[in-house]
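Reviewing the structure listed below.
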Amino acid sequence: MNVAEMKAKHILLKEFDFKVKELYRGYSDKTLYINLDDNTIKEKEVPQSMKEKFIGGKGYGLKMLWDATKPETKWDDPENEIVISPGPIAGITQYAGAGKSLVVAISPMTDIVIDSNVGGYFGPFLKFAGFDALELQGKAKNDVIIVIDGTKGKITIEEAPAEAMDSHILAEQLTEMYSDSDAPRDMKNISVISAGMAAEHTMIGMLNFSWYDIKRKNVRLKQAGRGGIGTILRNKKIKAVVVKAAGVTADPNHVADMEPIKERGARFAKEMKELDPHQCRMKQEGTAHLVNIMNDYNLLPTNNFQYGSHKDADNLHSRVWNSYFTQGMNDGCWIGCTMNCAKAVDNFELKSGPYKGDKVIVDGPEYETAAGVGSNMGIFDPETVIELNFYCDTYGIDTISFGTMTAFAMECFEKGLITTAHTGGMDLSFGNIESSLELIHQMARGEGFGKIVGLGVRGMKKYFAENFGADPKFMQDIGMENKGLEYSQYVSKESLAQQGGYAMTNKGPQHDEAWLIFMDMVNNHIPTFEDKAEALHYFPMFRTWFGLMGLCKLPWNDVEPENNAQTDEPAKVPEHVDNYITIYNAVTGQNIDKHEMIRQSERVYNYQRTFNIRRGYGLRKHDAQPYRAAGPVTVPEYESLAEQYDKQMKENIGIDPEGKTTEEKIAITRRYREDRYEQLLDAVYKRRGWTDNGVPTLAHMKDLGMDLPEVVEVLSKHQ
């Protein structure tokens, strides 16, 4: 069936005409609200107070989600929303990494707010259509497609029964269907959000955001992966959301002053050209350049985070990915991004599943995927990693969660907590390629053991204990989740600061809030609790700012100015921080400094913590980590680094390990490390202006100007 025949099967449920509002200094000051219960479509004005306190992006998403839901709202309630907002800087083309969107919802994994950062063209195109954010609420009766046409000023909700479900096909069909022609100049003006088959049957569904790659003449995908937002999309019976733009001009944001933006963009482009080949090689390898670095420093998660390196890790080395990635292509996921790190494997022939024999574009793998579905599952075959990467994407599965939860199931299998009688005959030993592929296809079909694994680590712990008699305490120790979200792919055992950077996150253990391993473990730049607390204040707040603006964090520190090491605070990359402040002021016409930048983020960060508390979470007990994040759980784990652990016991704990059994040494190490983590919580909470139970104080919120009535109502119960 061709796309014209598919389109002919659509049933128009609602049509809404609007006037495309021109952006002014990065904002339209309008948002779009759609409720699928009754097909309501309406525009909303953005109050000035919301703009001042929440800025955009993640901030807008949090505010709108709070207002739309109640404390007891569940992820699959119709009133739960998916909110997509790009932020005021998103859409500029003169500085790298300015095409991001932030997606916010109440997560099926965590029962709290999840936020996920994603590239692709949808966010900027939504702005160019005249909307600073999109709210999706309610549930359709049958599968629908929402179309936002910024060329005609028209929004439609259409039942769409004939299109494919999996993203790599659906995005192509809809790009062709809604483009003015099949010419690349028109195809590039379409962006599609979709999920996939597995998003219907697992709790870890993710969203794909598309863009049309002119050189490849094909559709590419980037992912809002974390927390199961794709599962919500399919629960709402949304097959896709399409946005159509009139094109991209030199200044669609109508910024206050373009010259500083051009100057800083040109400066950064020069750095990329001259320095990237000798630093991170983002243009050649993207984030996959990290695999061998992490392995060298014993930070590459292997066999469910038991180990930090492996003898076969060279099979996943950056030079291997370099050989698979198509070189010399413009690989930016937004126009004008000189980092070009959205690498792809072209013409990859699939060896399994419903698309066996097809040749496809695979976006990535990025580091998190290579480590997650590779080393953490004990798989060191690059083509299997690429295949799992592809199927996760098109089925709508978060690769980070898939890798961590499958690794958990594998360790449970190897330790005898589950058997082939439970897995349907699958051998889930680490490194079993055939079973790993079968598992992901089962998830897409919603059947077999794949459906159980699709519950996530927290869901599996409960299921295995109740149905298979598995040991809850042991599973708690090795189950790498916090707040219900699976850990992203770095071993944190030897970095106390990174343990906090994971487990103290508002949404769960995702590295985008704080990545402090090198500062802490390798360079020892933050030796005291106070130093670590300062880092765990500044960096999460600074990184939050990217999510307010519609920016990618990679251009901040994945290429650094030549003189960066000689600056007072090289970890902050001060020249690039100044770039961002300059650009924000040039876009908006404001005049903030680096201190106000952090305060902008603090307001939103503390609001999100309050949101969690409103929902019955957000306290000290919810910042607890699985012990494997802090130290060795098993005898083989300890003995793999026995010399190091014994030395630490003698020098740091003051206990001589001589004559003690490994089990005794594990217990001693555990008491010490768990106590240090509690001391870290105390120090960080104090620095952040929170009580010792992790609650923002009313005085701190007043100082930030966030003592809103609804905030005071929640926090006053916990002071």
message = Can you report the number of residues in region 316-327 which are outside any loop (DSSP other than H, G, I, E, B), buried (at least 16 other Cβ atoms within 10 Å of the Cβ) and not hydrophobic (A, V, I, L, M, F, W, C)?
response = 3
Filter result for the condition that a residue is over 29 Å from A503 (Cα atoms) and either crowded, with 17+ Cβ neighbours inside 10 Å or touching a residue at least 24 places away in the same chain (Cβ under 8 Å) (or both), over K30, K58 = K30
remark   = Filtering strands (runs of 3 or more DSSP E) wholly in region 180-279 for at least 2 residues that are buried (at least 20 other Cβ atoms within 10 Å of the Cβ) and among the hydroxyl-bearing types (S, T, Y) gives 190-194, 207-213
remark   = Expected single match for buried (at least 19 other Cβ atoms within 10 Å of the Cβ), modelled with pLDDT under 95 and closer than 22 Å to A629 by Cβ among I526, I517 is I517
task = Check whether at least one residue in region 394-405 is out of contact with any Pro (no Cβ under 8 Å at 6 or more places or on another chain), without any contact (Cβ under 8 Å) to a residue 60 or more places away in the chain and assigned to a helix (DSSP H, G or I), and report yes or no.
result = no
key: Residue among V144, V255, V192 that alone is within 26 Å of P88 (Cα to Cα) and assigned by TED's automatic domain parsing to the domain that holds L32   = V192
query = Based on what the data block shows, is Y580 touching a strand residue (DSSP E or B) at 6+ places or on another chain (Cβ under 8 Å) and aromatic (F, W, Y)?
reply = no
query = Conditions: (1) free of Cβ contacts under 8 Å to residues at least 24 places away in the same chain; (2) in a helix (DSSP H, G or I). Y391 meets all but one. Number of the miss?
reply = (1)
ask   = Quick one: D312 ticks every box in (1) out of contact with any Phe, Trp or Tyr (no Cβ under 7 Å at 6 or more places or on another chain); (2) at pLDDT 95 or above; (3) not assigned by TED's automatic domain parsing to the domain that holds I157 bar one, so which box is it?
value = (1)
inquiry  = Against the definition (in contact (Cβ under 8 Å) with a residue 60 or more places away in the chain and assigned to a loop (DSSP other than H, G, I, E, B)), how does F430 come out, yes or no?
reply    = yes
ask   = Within region 251-264, is there a residue that is touching a strand residue (DSSP E or B) at 6+ places or on another chain (Cβ under 7 Å) and in contact (Cβ under 8 Å) with a residue 40 or more places away in the chain?
value = yes
query = In the list G57, G97, G119, which residue meets the criterion of being outside the structural domain of E366 (by TED's automatic domain parsing), of a type in the set (G, A, S) and under 22 Å from K21 (Cβ atoms)?
reply = G57
query = Among the candidates N298, N330, N304, which residue alone is part of a loop (DSSP other than H, G, I, E, B), crowded, with 17+ Cβ neighbours inside 10 Å, more than 21 Å from the chain's Cα centre (by Cα) and assigned by TED's automatic domain parsing to the domain that holds Y367?
reply = N298
request  = Report, by residue number, each residue of region 684-709 that is surrounded by 14 or more Cβ atoms within 10 Å (Cβ to Cβ), in contact (Cβ under 8 Å) with a residue 40 or more places away in the chain and over 23 Å from E596 (Cα atoms).
outcome  = N693, G694
ask   = Quick one: which helices (runs of 4 or more DSSP H) sit completely within region 468-566 and have at least 1 residues that are within 30 Å of T419 (Cα to Cα) and not acidic (D, E)?
value = 472-478
remark   = V104 meets each of (1) within 19 Å of G227 (Cα to Cα); (2) out of contact with any Gly (no Cβ under 6 Å at 6 or more places or on another chain); (3) surrounded by 24 or more Cβ atoms within 10 Å (Cβ to Cβ) with one exception, condition (2)
request  = Check off (1) buried (at least 23 other Cβ atoms within 10 Å of the Cβ); (2) within 27 Å of M443 (Cα to Cα) for D346 and give me the number that stays unchecked.
outcome  = (1)
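The values are calculated or read from the model by the stated rules, or taken from the named source; none is laboratory data. These figures come from a predicted structure and were not determined experimentally. Methodologically, a virtual Cβ is constructed for each residue, glycine included, from the backbone with ideal geometry; neighbour enumeration extends over all protein chains shown.
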